[in-house]
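Chemist: What follows is a structure written as C-alpha cells; I'll ask about it next.
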Amino acid sequence: NIWRFPYITGQYGGAAFLLVYLAVAVVMGIPLMIVEYHLGRESQSSPIAGNIKLTKNKIWQLGGIFGFIGGLMIFSYYVMIIGWVLRYTVSFLTGTFRGQSMEAISLWFDSLYTNTGVTLIYEIIILAVLGVIVARGLVKGVEAVSKIAMPAMVVLFAGLAIY
C-alpha cells in the first residue's frame with residue numbers, strides 16, 4: 001500500500017477514494033483477521049493444515065492453499081521492490097547520483113526493469129537476510145528485528161513528514 005498508494009489516491013479522487021478504501025479495508029479486513037486468528041488458535045497449525053483439520057468440506061480446505069498462494073504472490077512482489085530499494089540505497093550511499101540530473105536518475109531507475117541480473121542479485125540478498133531472520137525463530141529473529149525496524153520506520157516517516 002505504501003508503494004503506490006499516494007499516486008492511486010490522487011488519481012482516483014483523493015479524500016473520496018481514501019474514505020471508500022478505508023471502509024472496504026475495515027469491512028473486509030476485520031472479519032478476515034478474526035477468522036485467521038481463530039483458525040490458528042483452534043487448529044494450532046498452519047493455515048493449510050488448519051483448514052484441513054477443522055473442516056471436512058473440500059472447498060473450505062482449499063481456502064488454506066489459496067491463502068498460502070496469495071501470500072506467496074504478495075511476498076514475491078515485495079521482495080522485488082525491496083531489492084530495488086536496496087539497490088537504490090547502495091547506489092545513493094556510494095554517490096552514484098551525486099551531480100546527476102533528475103532525468104539521469106530516472107533513466108537509472110528505469111534500468112532496474114531491464115537489468116534483471118543485478119536486480120536478481122539484490123533479491124537473493126534480501127531472501128538470504130529474511131531466511132536468517134526466520135531461521136532464528138520468532139523471539140530471536142522476527143521480534144528482535146521488529147524492535148529495531150518499527151521504531152526506525154516511525155522515525156523515517158516522521159522525518160519525511162517534517163521534510
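Chemist: Under a Cβ-only charge scheme (Lys and Arg +1, Asp and Glu -1), can you give me the dipole magnitude of the chain about the Cα centre, in debye to the nearest 20?
Modeler: 420 debye
Chemist: Turning to a different aspect of this structure: Treat each spin label as a single point 7 Å out from the Cα along the C-beta direction, and report the Phe75 to Arg4 distance in nm.
Modeler: Placing both labels 7 Å beyond Cα along the Cβ direction yields 2.2 nm.
Chemist: Please compute the modelled spin-label separation between Ala23 and Met150, points set 7 Å along Cα→Cβ, answer in nm with one decimal.
Modeler: 3.1 nm
Chemist: Oh, and also: Which of Leu86, Val145, Gly159 sits closest to the plus end of the dipole of the range 72-162, meaning its Cα is farthest towards the positive end, when Lys and Arg get +1 and Asp and Glu get -1 on the C-beta?
Modeler: Val145
Chemist: Then there is this: What does the charge count near Glu42 come to, summing +1 for each Lys or Arg and -1 for each Asp or Glu among other residues with Cβ under 13 Å from its Cβ?
Modeler: With Lys, Arg at +1 and Asp, Glu at -1, the net is +1.
Chemist: All other residues with a Cβ under 15 Å from the Cβ of Leu54 taken together, and with Lys, Arg as +1 and Asp, Glu as -1, what is their net charge?
Modeler: Around Leu54, the charge tally is +2.
Chemist: Additional query: What is the sum of charges, Lys and Arg at +1 and Asp and Glu at -1, for the other residues whose Cβ falls under 14 Å from the Cβ of Asn115?
Modeler: -1
Here, each number is a calculation from the coordinates, and none is a lab measurement. This structure is a prediction, so every number in the text was calculated from the model and none was measured. Ideal geometry is used to build each Cβ from the backbone, glycine not excepted, and the neighbour counts take in all protein chains shown.
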